[in-house]
1. Report, by residue number, each residue of region 212-242 that is of a type outside the set (A, V, I, L, M, F, W, C) and outside any helix (DSSP H, G or I).
2. In region 223-258, how many residues are surrounded by fewer than 18 Cβ atoms within 10 Å (Cβ to Cβ) and either in contact with a Cys (Cβ under 6 Å, 6 or more places away or on another chain) or among the basic types (Lys, Arg) (or both)?
3. Please work out which one of (1) crowded, with 20+ Cβ neighbours inside 10 Å; (2) under 26 Å from the mean Cα position of the chain (by Cα); (3) not assigned by TED's automatic domain parsing to the domain that holds residue 33 is the condition residue 220 fails and give its number.
4. Evaluate the following for residue 83: is it assigned to a strand (DSSP E or B), more than 21 Å from the chain's Cα centre (by Cα), surrounded by fewer than 21 Cβ atoms within 10 Å (Cβ to Cβ) and not assigned by TED's automatic domain parsing to the domain that holds residue 258?
5. In region 9-36, what count of residues is obtained for those that are in contact with a His (Cβ under 8 Å, 6 or more places away or on another chain) and either part of a strand (DSSP E or B) or not charged (D, E, K, R) (or both)?
6. Which residue, of 51, 31, is under 19 Å from residue 6 (Cβ atoms), touching a residue at least 24 places away in the same chain (Cβ under 8 Å) and among the charged types (D, E, K, R)?
7. Out of (1) assigned to a loop (DSSP other than H, G, I, E, B); (2) farther than 19 Å from residue 145 by Cα, the odd one out for residue 90 is which?
8. Pairs only if they're at least six apart or on different chains, beta carbon under 8 angstrom, first in region 231-255 and within 11 Å of residue 219 (Cα to Cα), second surrounded by 13 or more Cβ atoms within 10 Å (Cβ to Cβ) and of a type in the set (Phe, Trp, Tyr); list them, first residue then second.
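The values are calculated or read from the model by the stated rules, or taken from the named source; none is laboratory data. Predicted model, so just to flag it, every value in this text is computed and none were measured. Cβ coordinates were reconstructed from backbone atoms using ideal geometry, including for glycine residues, and neighbour counts include every protein chain displayed.
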Amino acid sequence: MSRLSDSALLQILHDDCPYSDPTTEGLGIAEVAARATLTTRQDMVVCAAEEAARMFELSGATAQVLVASGQRAEAGTQLLAVEGPAQAIHRSYKMAQTLMELLSGIATAARSMVEAARAANPACRVACTRKHMPGIKRAALRAIEAGGAVPHRLSLSDFVLVFEEHRTLLDPAVPLADHLARLRAHSPERRVAVEAEGAAEAIAFARAGAEIVQVDKASPGEIGEIAAALAAMTPRPLLAAAGGITPANAGAYAGAGADILVTSAPYYAPPRDVKVRIFPA
């Protein structure tokens, strides 16, 4: 599972407190020994507990992770225990809290989809796209992996996926099979995926040599039709369902025969609620 680096965490802390903390310092409590607890108010799949603890440590406190990322926590469960000078705790707690809330929201939504898919088809995988907020790739990956999902593709550089936006620029006189053969020659270590709209295109692309057929906005019934056609092929291409996949319908698509559910839905899940309390040590 990926982790956020110290430099990334320090940047978060610096953005929130670039200079001093005049409230804590002005009250004369900066060096007062304190402790803090971070507790979930909601059931959730935890993410970024380790990063939250590290932010406290980078500020001069000590922190103990009580529930690791990827684990479930029921409402009322304490996630972190922190001790240190008040200035260190006040410098860190809001960003630690916020990071856990946002990423645990994504992880919880991803886990919901993973469980729905696997209940219908244990071999089905949930793959999250790169349609997250730009600039948060590492945090987004951290969250979906904590939820049990995998990246669909990390970037344009690591995956061969032909969209309609590519096909429209190809020479129509050249068969698609020849274009796909050219792709395989260019990137022999990568599978070639092609996105289709509807069953007819999907089956045609598979026959042209696509190793992964990704179908956009098809119904579960259409996915079932495509899955049946692909099952007769040797080697059998993988079937990915994309577009509008949510926890509510993930089971239907997985049960229809999709090998992969391609989604960005977890990135837009509401944050979970983590309560912070600070006490004298």
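1. Result: 214, 216, 217, 219, 234, 235, 236, 237.
2. The total comes to 1.
3. For residue 220, the exception is condition (1).
4. Spelling it out, residue 83 is indeed assigned to a strand (DSSP E or B), more than 21 Å from the chain's Cα centre (by Cα), surrounded by fewer than 21 Cβ atoms within 10 Å (Cβ to Cβ) and not assigned by TED's automatic domain parsing to the domain that holds residue 258.
5. Count: 2.
6. 51
7. (1)
8. What qualifies is 241/253; 245/253.
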